[in-house]
Amino acid sequence: MSVLFFLAIFAAGVGAGFVNVMAGGGSLLTLPLLILFGLPSAVANGTNRIALLAQNIVAIASFRKGGYFDWKFSTMLAVPALIGSVAGAQIAVTMSDQLFNRILSIVMVVVLVIIVWKPHKRLATSTSHDTWPKRIGLMVIFFFVGVYGGFIQAGVGFIIIAALTLVSGLSLVKINSIKVFVVAIYTLSALIVFIVNDQVHWGYGIALAAGMSLGAFLGSRFAVKHGDKWVQRILIVAVVAMAIRLFFQTV
């Protein structure tokens, strides 16, 4: 592919990283864009994992440095998510492009609604997660989180935040520290499935990872000075347009 294609992927990564910091849901942009740039759906899905893994590793280091990380509890939830992600990724690599694109288009709209209305922020609870029934319940939930994350990924962070807010009673900072660890672990296992099935474009993946890292840096600086309302408006237009394009795309 030409240098222009790689620059376009890098630019998309910058935009996605920026949106992830400002509003969330960056994969709603990168995954459909990779498909629209000509990658088969499974290859786009696998390629997107490279950038996600890099982004979450950086986030883990940041939370660990800040002293917010709970290795024991995070690992307890990461194990069932890892198992589920292998099943989800295997479904993704065997599904037809047309069916995957239509499922993705529907998921994009649903996650967009979550981004705009933020129902997970209304689930605050004072209960503790430190009981075995709740721990077992969370492990079951995170198995299915892993299945979904391994399959399609987009918007999984909102599912994790909602589940932990409802059940655990942890602060949002600690919830996010758990989220990035769980996502990193199951993203690695899912990425391995895509690699084994030769469903990764390494050049695009590295360009996307570099772009998302830069975008996250720019977004974090911008967020200090400005709100995220206008970014959400742009996200709404972009996601709806790409969702419609994917749903009616013939393969």
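Just so it is clear, none of the values below were taken in a lab; they were calculated from the coordinates. This is a predicted model, so every value here is computed, not measured. All Cβ positions, even for glycine, are placed from backbone atoms using ideal geometry, and neighbour counts span all protein chains on display.
Below, the figures for the structure above:
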{"quantity": "Ascending count of other beta-carbon atoms within 10 Å, so fewest first, for F194, F69, F217, F248", "calculated": "F248, F217, F69, F194"}
{"quantity": "Neighbourhood net charge (15 Å Cβ-Cβ; Lys/Arg +1, Asp/Glu -1) for G149", "calculated": "+2"}
{"quantity": "Relative packing of peptides 180-186, 74-80 - highest average C-beta neighbours within 10 Å first", "calculated": "180-186, 74-80"}
{"quantity": "Gain in span if fully extended, A61 to F248, counting 0.36 nm per residue against the direct Cα distance", "calculated": "63.2 nm"}
{"quantity": "Gain upon complete extension [L4, V113; 0.36 nm per residue less C-alpha separation]", "calculated": "35.9 nm"}
{"quantity": "Between segment 177-203 and segment 54-101, the Cα center-to-center distance that results, in Å", "calculated": "7"}
{"quantity": "Extension reserve of the I91-M139 stretch, reckoned as 0.36 nm per residue once the Cα distance is removed", "calculated": "15.2 nm"}
